[in-house]
């Protein structure tokens, strides 16, 4: 791997406020191995390690590996949630049954602002679908307990 990889590693770690030792501990890796990622002395990194460190740092694997595309597919969720709370926004959990639809919708608007009316319409849709799914979930739970 080139020094460019190490630059991306250092940037992502800095933004995640993680030191090499913390990354090594979280990934159950040898400290010297992780330090090589930062120093640019590593010859290669396994796909599993690359995926794990990208997930830990909150960056896209493609960006970390080769600098392709944006650093993140979505804004740092924890940072966004803190900012939203500070600004009086609310976050919501989308049920698993409709997550793919919302993930596709967010991907379409990844690098563009989402118009307020579209956001409101999708929030209403999510709330309606969540409410519609609730009785079915309770019915499934009741059937399992019988």
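The values are calculated or read from the model by the stated rules, or taken from the named source; none is laboratory data. Just so it is clear, the structure is predicted and the values come from calculations on it, not from any experiment. Don't worry about glycine lacking a Cβ; one is built from the backbone with ideal geometry, like all the others, and counts go over all protein chains shown.
Scanning the range 41-57 for residues that are touching a helix residue (DSSP H, G or I) at 6+ places or on another chain (Cβ under 6 Å) and not in a helix (DSSP H, G or I) yields a count of 1. Within the option set 59, 53, 34, being surrounded by 15 or more Cβ atoms within 10 Å (Cβ to Cβ) and over 21 Å from the mean Cα position of the chain (by Cα) holds for one residue only, 34.
Within the range 2-31, being closer than 17 Å to residue 60 by Cα and over 22 Å from the mean Cα position of the chain (by Cα) holds for one residue alone: 4.
Looking at (1) in a helix (DSSP H, G or I); (2) modelled with pLDDT of 90 or more, which one does residue 29 not meet, given that it meets all the others? Of everything listed in (1) in a helix (DSSP H, G or I); (2) modelled with pLDDT of 90 or more, residue 29 misses just condition (1).
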